[in-house]
1. Under 16 Å from the mean Cα position of the chain (by Cα), free of Cβ contacts under 8 Å to residues at least 40 places away in the same chain and closer than 25 Å to residue 67 by Cβ: which single residue out of 201, 136 fits that description?
2. Do we have any residue at all in segment 165-174 that's farther than 19 Å from residue 146 by Cβ and touching a residue at least 60 places away in the same chain (Cβ under 8 Å)?
3. Of all residues in segment 1-26 being assigned to a loop (DSSP other than H, G, I, E, B) and within 19 Å of the chain's Cα centre (by Cα), which is surrounded by the fewest Cβ atoms within 10 Å (Cβ to Cβ)?
4. Among all residue pairs at least 6 apart or on different chains, which show Cβ distances below 6 Å where the first residue, located in segment 179-197, is touching a residue at least 12 places away in the same chain (Cβ under 8 Å) and the second is basic (Lys, Arg) and not in a loop (DSSP other than H, G, I, E, B)?
5. Could you list all residues from segment 42-64 that are within 12 Å of the chain's Cα centre (by Cα) and closer than 25 Å to residue 186 by Cα?
6. Looking at 154, 145, 188 in this structure, which one is among the hydroxyl-bearing types (Ser, Thr, Tyr), at pLDDT below 95 and surrounded by 12 or more Cβ atoms within 10 Å (Cβ to Cβ)?
Amino acid sequence: MTLEQQLKQGAAQLGLNLTDQACSQLLAYLDLLQKWNKVYNLSAIREPEQMLVKHIFDSLAVVPAIADAAPANLIDVGTGGGLPGIPLAIMLPAMPVALLDSNEKKTRFLVQVKAQLGLDNIEVFHQRVEEHDKQYEAIISRAFTALDNFVAITEPLLAEKGCWWAMKSQNLDEEMKTLPLGLVVEKTIALCVPGLDAARYLVAMRRQGE
């Protein structure tokens, strides 16, 4: 089965409407990720089939929840090679997506991806989280840091009535216990990632009273 066939099959399993343009952009992104990874060490995963599952499908699994919430804008903090931000930007082209990372090599790669894929809804920021001064209705992270730290360092970036979205794989129960007062866990979604036999969760959090 080709990568394109695998991508279409995985998207169908996730209940996603994969347009021809989105399919082409995701495959082009995967190709760029593999090529740049040889020089920039963007990921420990080398095989394109594994990248498809552990990076692309893992990111696409959160698309339904974000699409349903329909935030006016979103920032992916500690985005690294653009995950989940770039797949989200491809699948939700009307939503402005900011990609934030402190690693210059990674943000250089992201600027190249934006240009080659024609992703006009993306902005790339080479900054530490603490240096960024814009606000967003949605803040997402994938394996960035523990939940309590994620909330603490990104709190100034969250707009009123905004939502934190944390992609987690393990230690979730323990991390939940350390969340600060004044925070409400709105929902915890168990994600089913095609081809991946591992637990994945999406945790949605808000400030209390908003």
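1. Checking each option against the conditions leaves just 201.
2. no
3. This residue is 15.
4. That search, which allows pairs on different chains as well, returns 184/206; 186/206; 191/200; 193/200.
5. 57, 58, 59, 60, 61, 62, 63
6. 145
The values are calculated or read from the model by the stated rules, or taken from the named source; none is laboratory data. Just so it is clear, the model here is predicted, and its values are computed rather than measured. Here Cβ is always computed from backbone atoms with ideal geometry, including for glycine, and neighbour counts include all displayed protein chains.
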